[in-house]
């Protein structure tokens, strides 16, 4: 994958929910909700503030994040689904 997000944008690979739940019920794609969790795959350098200084992004590659259900722009790279969104669209980082 050769993509570098610009400014405060972040490339995220959504974590899809499993097709079979604990009870053995298979959920079709049409009934699944959009994911709200994902892994950070690439991070931009940060946005410039009013004085011309770069504001560094708080995320790093590999972070597991939560984001809004309809946040970001869906893109496909090498057959994989990704989301490209601004840092402001990230709601939080999931810690272990």
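The values are calculated or read from the model by the stated rules, or taken from the named source; none is laboratory data. Please read these numbers as outputs of a predicted model, since none were measured by experiment. Quick reminder, even Gly has a Cβ in these numbers, built from the backbone with ideal geometry, and neighbours come from all protein chains shown.
Residues satisfying the criterion are present in region 58-65 (criterion: modelled with pLDDT of 90 or more, under 19 Å from residue 94 (Cα atoms), surrounded by 13 or more Cβ atoms within 10 Å (Cβ to Cβ) and touching a helix residue (DSSP H, G or I) at 6+ places or on another chain (Cβ under 8 Å)). Give the number of residues within region 49-79 that are assigned to a strand (DSSP E or B), in contact with a strand residue (DSSP E or B) (Cβ under 6 Å, 6 or more places away or on another chain) and touching a residue at least 40 places away in the same chain (Cβ under 8 Å). Total meeting the criteria: 4. Residue 17 meets each of the listed conditions (1) surrounded by 10 or more Cβ atoms within 10 Å (Cβ to Cβ); (2) outside any loop (DSSP other than H, G, I, E, B); (3) modelled with pLDDT under 90 apart from (2). The set of residues in region 32-46 being part of a strand (DSSP E or B) and crowded, with 17+ Cβ neighbours inside 10 Å consists of 38, 40, 41, 42, 43.
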